[in-house]
Amino acid sequence: MTITETAPLSTEAVADLAARFRGQLIGPADPGYDEARRTWNGLIDKRPGLIARCLGNTDIVAALAFAREHELPLAVRGGGHSVAGYGVCDDGVVIDLALMRGVHVDPVARTARVQGGATLADVDHETQYFGLATPTGNVSSTGVAGLTLSGGLSHLRRKFGMSVDNLVSADVVTAEGRVVTASANENPELFWGIRGGGGNFGVVSSLEFRLHELGPLVTQAMVLYPFEMAREV
């Protein structure tokens, strides 16, 4: 296997970004770079020029501006579970939301505000304390944002719909660096767009979900047949 070296970005440019960035900036020469660029799909082996682990919207705005100013490829990583490897790129900037995993549950309104780097396990851990749930996927390590923006199929879909059906609103950082809310009443066209109208509308930094009463005990049954009965089934 041939390993292609990633061209280092300008030290001065990265230093300028670091001065207005509160999260972690990881380059090819930094410890933990290989771990930070790794995705769930081991077949994806891309080497970004800079990984920007953001702590909030202001960091996302700064990283977007850096990529735009230097005309660099850009990828957005949520939970890092993208099979196609969309959360990483070669020689560009990865906006990594791994440090943004907060989940706030409002048990009265039955909603949850979930940051863009949270996994399904993060959401379930907080919502189940109140006996509530929202349809997410079936693998706990999956990122909530990527799953939802792609539809989101789960064991709960027949009762409560898909993940995207339960999306109430989202905070989106647009390409020009504006932080806006998308919902049925606020920026409705953008809300339509992120729920299946296309891609690359911006970075979804947090999502608000509708919750439903469920659990903590859930019974599941599966009907399995032996291979010999395949034709009959």
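The values are calculated or read from the model by the stated rules, or taken from the named source; none is laboratory data. From a predicted model like this one, the values you see are computed outputs, not experimental measurements. As a convention, Cβ positions derive from the backbone with ideal geometry for all residues, glycine included, and neighbour counts pool all protein chains shown. Note: areas computed on protein heavy atoms with side chains; ligands, DNA, RNA excluded. Shrake-Rupley method; radii C 1.70, N 1.55, O 1.52, S 1.80 Å.
Side notes on the structure shown:
- Leading residue by the ranking (farthest from the chain's Cα centre (by Cα)) among those in the stretch 134-144 that are open to solvent by 10 Å² or more (accessible area, probe 1.4 Å) and touching a residue at least 40 places away in the same chain (Cβ under 8 Å): Val139
- In the stretch 20-74, the residues that are aromatic (Phe, Trp, Tyr) and modelled with pLDDT of 95 or more: Phe21, Tyr33, Phe66
- Strands (runs of 3 or more DSSP E) contained entirely in the stretch 159-223, each with at least 2 residues that are free of Cβ contacts under 8 Å to residues at least 60 places away in the same chain: 167-173, 179-183
- All told, Leu147 falls short of being over 30 Å from Leu9 (Cβ atoms) and in a loop (DSSP other than H, G, I, E, B).
- In the stretch 82-99, the residues that are among the charged types (D, E, K, R) form Cβ pairs under 6 Å with partners that are open to solvent by less than 20 Å² (accessible area, probe 1.4 Å) and in a loop (DSSP other than H, G, I, E, B), at six or more places apart or across chains, as follows: Asp91/Thr6; Asp91/Gly49.
- The residues in the stretch 100-133 that are open to solvent by 10 Å² or more (accessible area, probe 1.4 Å), touching a residue at least 24 places away in the same chain (Cβ under 8 Å) and assigned to a loop (DSSP other than H, G, I, E, B) can be counted, and the count is 3.
- For the stretch 175-186, filtering for residues that are modelled with pLDDT of 95 or more and open to solvent by less than 70 Å² (accessible area, probe 1.4 Å) leaves 4.
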